[in-house]
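The values are calculated or read from the model by the stated rules, or taken from the named source; none is laboratory data. As the structure is a prediction and not an experimental result, all values here were calculated from the model. All Cβ positions, even for glycine, are placed from backbone atoms using ideal geometry, and neighbour counts span all protein chains on display.
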């Protein structure tokens, strides 16, 4: 496989292909008749996925930190470049995106009936934006696509959403916009600081990392700006309230992409930018403790609120808040296991929660309700649906053998070394997760059929199987054989830790925050 | 790879394969599904028997593993199989009981619409338990531990169309998960301190007490998992509810799988627990209280399956007491004999339940129970074993348990443990007499039990084949109650070689006391329930307060509802309110404020030039004053 890919010069064109293919597709959709739109979108996203699969072999874990690099000048006077590349973490987030996209398109087949061209074109633009965020190595480029991505999502929620779509989409837009504008200011501060320091004006990631030396007070504010932007996106408590509204109102594909990929951009941003740029502020001192506290509070809080949600979609939205807390905790715990675990949780959450949103969407298309109380006992009528929903829920609960467990376990394992109390509290969320999801299943699937209108529900169609089976395969595969993925993430996680430790000034009491070098190797 | 490792892998692979085949391809073909599952468990059984012959008989031990979870620069977490007498003997027990239950189920579950699914879940259960037993790594054990919980969840809630089984399944999963949090934390702590999770390494480190490794804390946390899984102490109330599952499932759940997993874990990691004597002392007391408490609950239950469920809790307590007193052999021996006779008791009670369409012993008694010959033989043999009547299996293992306790603990604990043995005999034979000795006089409060565990699906008459499918496993297990008791020496020499062991028929002072108490218990049961003209009302049932207290799980479920569950829900609602009112209120407030602010400011823009100029001048004036005051201007 490697030789084949090398023969095709895969590493040279793959990012460009992934980035610009959807744009071409979007243009094609706008030119083609409306009835063709979904086929074009599906074809393009499927092609994207097929192309991206090569990354699995083409990415060399033992190779250079960043691979598949492409670099061109864009705005020469200001040092803005089209500069992209991937490390192990980016590779998997891109794979997650390309994997979910065709499924999201296929999942919208029936749900989206009006203005199809617009919808599918926006989905493709969204794909470009998301992939770019994960591969940008130039902060200006990153910022541009970070914002670009907002627009299609805003329209997807605002135009094709449910009854409260306007409120939800505006809330989503304003929340994320507030954060990102402050981030722009912080990026510019870094840019000027690095420029003055080196005499070389550039938005390059490594350049800013090396030369942007700010005084401590400024560091604090700049970190705050980055953190706010990403924490809103994650979302972390108490900045999360846009999420339930956005999820509930978004069409199925919107929810899937929102939960599956967009939230990951927040945690990716923390991992890639906020922490490495300002480790002294982020990790050392009070801020680090506050962030860890917020992560843990979010884990418990999200689970608690999920427990009493009558609306299944909202329940899943709050479970996302809880799961993403794991990711933040893993990043801040700053051990290789916890960071690997955090990345695994990102992937697993994307897959499991994506699948849950698909499942809710499917039942919504049949009954036009997401209220748990409107169902009850439907397992007898739709056995396949019930079986798949049960498996996916169990994966979200973190049952060993399915994907959810590995990531959570690694986060807890890594966090336990440095923050035992946070890890202990975090562990209790596995009870809550089981409680709210099993309770939901109980109310929705089991028992007697409570509503006569559910007697005639149709079980899964072939198209719906086509959406769900790939997700199930990945759920089982990642649960049983996490090794290959972890091996590919490990060097990048290791590098993240080294980068942060290297930049932690000596006077900052590293204390228990940083794992001892001689941490025992797990056998 | 040696033959033994291959056999261990085959024992696990066969049921997994069967489970996958059945659930994916054979849902619509019940007979093929059942055949596949039985064939798979036959393979497991043969492999386990081979392992016992190759490993347990010559008393060897080995571990072979392969990498599963690579971790930072190191060896990572390896998964594999551990092959020593404990593991392979347990594997044989698991495979044998699962196989017996499967054969029985072909009769019991005949005609159920979910027949194929049922066998798929049984295979899953078998696989998970075999995986747990053979796991070489604590993390791997944890994985299968959870899978065992999953299989129980699926099987307890098998008749999910009704509320009660679905709720019971959820309760079982959640309650055991509360304990599992402790287990998970214990494993995390252990890996953090030792860097290893391979069982022999963990045990070696525990006895050599590596620096920074707090054995008591780890032992305590791991025990939380045991308490949940083996239905002890405050976390036992899921088990009586789990009776909502099909009766063969109860047989499996109560004997060799699920609840046995907790006891097995303590036996597996015994050196680690033994290194924390304080924790072991606590376990001893907890188990003792549980043993007596559940015996009192069994004394007043009228549902035959609930009586058996409480007796399981009580017997599990005896196993744990033996382990806490330091004897792996006694605890595991009792686990083995109990697996045999408890499966037997459930399977024979299933025959009566099927016949009478009721779980209520008084109703069973009204349906000519004596016509069910296999059931009668099974019930009587199993009861004799459970009560501990010589020479049935339960006698020998209970003797070994009490003997082991006599060596280590004295006085009160031992006396109470003997008392428990007497109570066991009493409630066991209360069950026998209530079930088999004719009509109960009619009383007002006749129906205080759950409805019969039958769904409309398999009401039709039994064929002879179904009868045979149910009878043969029962008779085989009944025969085993006369055989298993002689394995004591086998276990003693292999699992606790350091402890003294007498032959099976060594009747010391302890044995005589126990037998006397058993006789007294049976006599009391005969007087109250068995003899002609008996009132058929036990001494505890005569006191309404006691009857309700014992019959309602000592009010523990009510306590949980009134406290933990209520508080959690209240907290959840408060969090939800906070989200909707405080947080959303704040963001909506900011939005509203912006809108109003905009409106107010837009009023300024009213087109009157005079107003603009006035504002401009006053602002400039204010700025000038402020600047001169602060020294900004010279």
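I'd like the full set of residues that are out of contact with any helix residue (DSSP H, G or I) (no Cβ under 7 Å at 6 or more places or on another chain) and in a helix (DSSP H, G or I), limited to the range A:469-492. First the steps, then the outcome.
Step one: list which residues in the range A:469-492 are out of contact with any helix residue (DSSP H, G or I) (no Cβ under 7 Å at 6 or more places or on another chain), which gives A:469, A:473, A:476-477, A:480-481, A:483-484, A:487.
Once the filter is applied, which keeps residues that are out of contact with any helix residue (DSSP H, G or I) (no Cβ under 7 Å at 6 or more places or on another chain) and in a helix (DSSP H, G or I), the range A:469-492 yields A:469, A:473, A:476, A:477, A:480, A:483, A:484, A:487.
All but one of (1) more than 16 Å from residue A:313 (Cα to Cα); (2) crowded, with 24+ Cβ neighbours inside 10 Å hold for residue A:356, so report the exception by its number.
Here residue A:356 meets the rest and fails (1).
State whether the residues of the range A:204-222 include one that is over 30 Å from residue A:439 (Cα atoms) and either within 14 Å of chain B (Cβ to nearest Cβ) or within 17 Å of the chain's Cα centre (by Cα) (or both). Break it down into steps so the answer makes sense when it comes.
Start the filter on the range A:204-222 by keeping residues that are over 30 Å from residue A:439 (Cα atoms), which leaves A:204-222.
From what's left, either within 14 Å of chain B (Cβ to nearest Cβ) or within 17 Å of the chain's Cα centre (by Cα) (or both): none.
No; the residues of the range A:204-222 include none that is over 30 Å from residue A:439 (Cα atoms) and either within 14 Å of chain B (Cβ to nearest Cβ) or within 17 Å of the chain's Cα centre (by Cα) (or both).
Taking the range A:427-444 as the region of interest, how many residues are free of Cβ contacts under 8 Å to residues at least 60 places away in the same chain and either facing chain B (nearest Cβ under 7 Å) or closer than 19 Å to residue A:409 by Cα (or both)? Full working, then the answer.
Kept after step one, since they are free of Cβ contacts under 8 Å to residues at least 60 places away in the same chain, are these residues of the range A:427-444: A:427, A:430-431, A:434, A:438, A:441-442.
Then keep just the ones that are either facing chain B (nearest Cβ under 7 Å) or closer than 19 Å to residue A:409 by Cα (or both); that gives A:427, A:430-431, A:434, A:438, A:442.
Residues meeting the conditions: 6.
Do the conditions hold for residue A:386, that is, is it free of Cβ contacts under 8 Å to residues at least 60 places away in the same chain and either surrounded by 24 or more Cβ atoms within 10 Å (Cβ to Cβ) or more than 18 Å from the chain's Cα centre (by Cα) (or both)?
yes
Need a quick list: helices (runs of 4 or more DSSP H) entirely within the range B:487-591 having at least 3 residues that are within 14 Å of chain A (Cβ to nearest Cβ). I'd like the intermediate steps shown before the answer.
Details: elements: B:488-495, B:509-525, B:544-551, B:556-560, B:566-577.
Result: B:566-577.
Kindly evaluate residue B:404 against the criterion of being touching a helix residue (DSSP H, G or I) at 6+ places or on another chain (Cβ under 6 Å) and at pLDDT below 90. Steps first, answer last, please.
Details: touching a helix residue (DSSP H, G or I) at 6+ places or on another chain (Cβ under 6 Å): yes; at pLDDT below 90: yes.
Spelling it out, residue B:404 is indeed touching a helix residue (DSSP H, G or I) at 6+ places or on another chain (Cβ under 6 Å) and at pLDDT below 90.
Confirm whether residue B:169 is at the interface with chain A (Cβ under 10 Å from one of its Cβ atoms), buried (at least 24 other Cβ atoms within 10 Å of the Cβ), at pLDDT below 90 and more than 11 Å from the chain's Cα centre (by Cα). Give the steps one after another, and end with the answer.
On the way: at the interface with chain A (Cβ under 10 Å from one of its Cβ atoms): yes; buried (at least 24 other Cβ atoms within 10 Å of the Cβ): yes; at pLDDT below 90: yes; more than 11 Å from the chain's Cα centre (by Cα): yes.
So residue B:169 fits the description; yes.
Residues are listed down the side, and each one gets a yes or a no for (1) surrounded by fewer than 16 Cβ atoms within 10 Å (Cβ to Cβ); (2) out of contact with any strand residue (DSSP E or B) (no Cβ under 8 Å at 6 or more places or on another chain):
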| site | (1), (2) |
| --- | --- |
| A:123 | no, yes |
| A:142 | no, no |
| A:153 | no, yes |
| A:161 | no, yes |
| A:179 | no, yes |
| A:198 | yes, yes |
| A:205 | no, no |
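Consider residue B:147 carefully, then state whether it is more than 25 Å from residue B:69 (Cβ to Cβ), in a helix (DSSP H, G or I) and at the interface with chain A (Cβ under 9 Å from one of its Cβ atoms). Before the answer, list the steps.
On the way: more than 25 Å from residue B:69 (Cβ to Cβ): no; in a helix (DSSP H, G or I): yes; at the interface with chain A (Cβ under 9 Å from one of its Cβ atoms): yes.
The answer is no for residue B:147.
Has the range A:353-361 got at least one residue that is within 11 Å of another protein chain (Cβ to nearest Cβ), in contact (Cβ under 8 Å) with a residue 24 or more places away in the chain, in a helix (DSSP H, G or I) and within 23 Å of residue A:304 (Cα to Cα)?
Quick first cut of the range A:353-361, residues within 11 Å of another protein chain (Cβ to nearest Cβ) only: none.
For the range A:353-361, residues within 11 Å of another protein chain (Cβ to nearest Cβ), in contact (Cβ under 8 Å) with a residue 24 or more places away in the chain, in a helix (DSSP H, G or I) and within 23 Å of residue A:304 (Cα to Cα): absent.
Please give the number of the condition residue A:505 fails out of (1) modelled with pLDDT of 65 or more; (2) outside any helix (DSSP H, G or I); (3) within 11 Å of chain B (Cβ to nearest Cβ).
The single condition residue A:505 does not satisfy is (3).
For the range A:362-378, give me each residue that is surrounded by fewer than 23 Cβ atoms within 10 Å (Cβ to Cβ) and either modelled with pLDDT of 90 or more or in a helix (DSSP H, G or I) (or both).
Of everything in the range A:362-378, those that are surrounded by fewer than 23 Cβ atoms within 10 Å (Cβ to Cβ) and either modelled with pLDDT of 90 or more or in a helix (DSSP H, G or I) (or both) turn out to be A:363, A:364, A:365, A:366, A:367, A:372, A:373, A:374.
Pick out the one residue from A:119, A:92 that is in contact (Cβ under 8 Å) with a residue 40 or more places away in the chain and over 24 Å from residue A:28 (Cβ atoms).
On the way: A:119 fails: over 24 Å from residue A:28 (Cβ atoms).
Of the residues listed, the single one that is in contact (Cβ under 8 Å) with a residue 40 or more places away in the chain and over 24 Å from residue A:28 (Cβ atoms) is A:92.
Residues to consider are B:290, B:237; find the one that is touching a helix residue (DSSP H, G or I) at 6+ places or on another chain (Cβ under 7 Å) and under 22 Å from residue B:419 (Cα atoms).
Details: B:237 fails: under 22 Å from residue B:419 (Cα atoms).
Step by step, each of B:290, B:237 is checked, and only B:290 is touching a helix residue (DSSP H, G or I) at 6+ places or on another chain (Cβ under 7 Å) and under 22 Å from residue B:419 (Cα atoms).
Determine whether residue A:464 is more than 11 Å from chain B (Cβ to nearest Cβ), modelled with pLDDT of 90 or more, over 20 Å from the mean Cα position of the chain (by Cα) and closer than 30 Å to residue B:163 by Cβ.
Values: more than 11 Å from chain B (Cβ to nearest Cβ): yes; modelled with pLDDT of 90 or more: yes; over 20 Å from the mean Cα position of the chain (by Cα): yes; closer than 30 Å to residue B:163 by Cβ: yes.
When the stated conditions are applied, residue A:464 passes them.
Here are the criteria: (1) within 14 Å of chain A (Cβ to nearest Cβ); (2) surrounded by 16 or more Cβ atoms within 10 Å (Cβ to Cβ); (3) modelled with pLDDT under 90. Tell me which single one residue B:4 does not satisfy.
Residue B:4 satisfies every listed condition except (1).
So, in the range B:172-209, of the ones that are assigned to a loop (DSSP other than H, G, I, E, B) and at the interface with chain A (Cβ under 8 Å from one of its Cβ atoms), which residue ends up modelled with the highest pLDDT? Before you say what the answer is, go through the steps one by one.
Taking the range B:172-209 as the starting set, the residues that turn out to be assigned to a loop (DSSP other than H, G, I, E, B) are B:195-197, B:209.
Filter once more, so that each one left must be at the interface with chain A (Cβ under 8 Å from one of its Cβ atoms): B:195-197.
Details: B:195: 74, B:196: 75, B:197: 81.
Among residues in the range B:172-209 that are assigned to a loop (DSSP other than H, G, I, E, B) and at the interface with chain A (Cβ under 8 Å from one of its Cβ atoms), the one modelled with the highest pLDDT is B:197.
For the range B:20-69, what are the residues that are in contact (Cβ under 8 Å) with a residue 40 or more places away in the chain and within 30 Å of residue A:407 (Cα to Cα)?
If the condition is that a residue be in contact (Cβ under 8 Å) with a residue 40 or more places away in the chain and within 30 Å of residue A:407 (Cα to Cα), then B:22, B:23, B:63, B:64, B:65, B:68, B:69 are the ones that fit.
Looking at (1) facing chain B (nearest Cβ under 10 Å); (2) over 20 Å from residue A:322 (Cβ atoms); (3) assigned to a helix (DSSP H, G or I); (4) in contact (Cβ under 8 Å) with a residue 40 or more places away in the chain, which is the one condition that is false for residue A:401?
(3)
Could you tell me whether residue A:50 is in contact with a helix residue (DSSP H, G or I) (Cβ under 7 Å, 6 or more places away or on another chain) and under 28 Å from residue A:343 (Cβ atoms)?
Details: in contact with a helix residue (DSSP H, G or I) (Cβ under 7 Å, 6 or more places away or on another chain): no; under 28 Å from residue A:343 (Cβ atoms): yes.
The answer is no for residue A:50.
Which pairs turn up if I take residues in the range B:406-420 that are part of a loop (DSSP other than H, G, I, E, B) and look for partners that are surrounded by fewer than 16 Cβ atoms within 10 Å (Cβ to Cβ) with beta carbon separation below 9 Å, at least 6 apart in sequence or on another chain?
B:409/B:281
Among the residues of the range B:219-242, count how many are outside any helix (DSSP H, G or I) and buried (at least 24 other Cβ atoms within 10 Å of the Cβ).
Number of matching residues: 4.
Regarding the range A:299-312, can at least one residue be identified that is more than 14 Å from chain B (Cβ to nearest Cβ), in contact (Cβ under 8 Å) with a residue 60 or more places away in the chain and either buried (at least 24 other Cβ atoms within 10 Å of the Cβ) or farther than 25 Å from residue A:494 by Cα (or both)? Show your work before the answer.
Residues of the range A:299-312 more than 14 Å from chain B (Cβ to nearest Cβ): A:312.
Retained after the next criterion (residues that are in contact (Cβ under 8 Å) with a residue 60 or more places away in the chain): A:312.
Imposing the further condition that a residue be either buried (at least 24 other Cβ atoms within 10 Å of the Cβ) or farther than 25 Å from residue A:494 by Cα (or both) reduces the set to A:312.
Taking every residue of the range A:299-312 in turn, at least one turns out to be more than 14 Å from chain B (Cβ to nearest Cβ), in contact (Cβ under 8 Å) with a residue 60 or more places away in the chain and either buried (at least 24 other Cβ atoms within 10 Å of the Cβ) or farther than 25 Å from residue A:494 by Cα (or both).
Regarding residue B:120, is this residue over 16 Å from residue B:256 (Cα atoms) and part of a helix (DSSP H, G or I)?
Spelling it out, residue B:120 is indeed over 16 Å from residue B:256 (Cα atoms) and part of a helix (DSSP H, G or I).
Would you be able to tell me the number of residues in the range B:546-571 that are touching a residue at least 12 places away in the same chain (Cβ under 8 Å) and over 15 Å from residue B:236 (Cα atoms)?
Step one: filter the range B:546-571 for residues touching a residue at least 12 places away in the same chain (Cβ under 8 Å), giving B:546-547, B:550-551, B:553-554, B:556-557, B:560.
From what's left, over 15 Å from residue B:236 (Cα atoms): B:546-547.
Selection size over the range B:546-571: 2.
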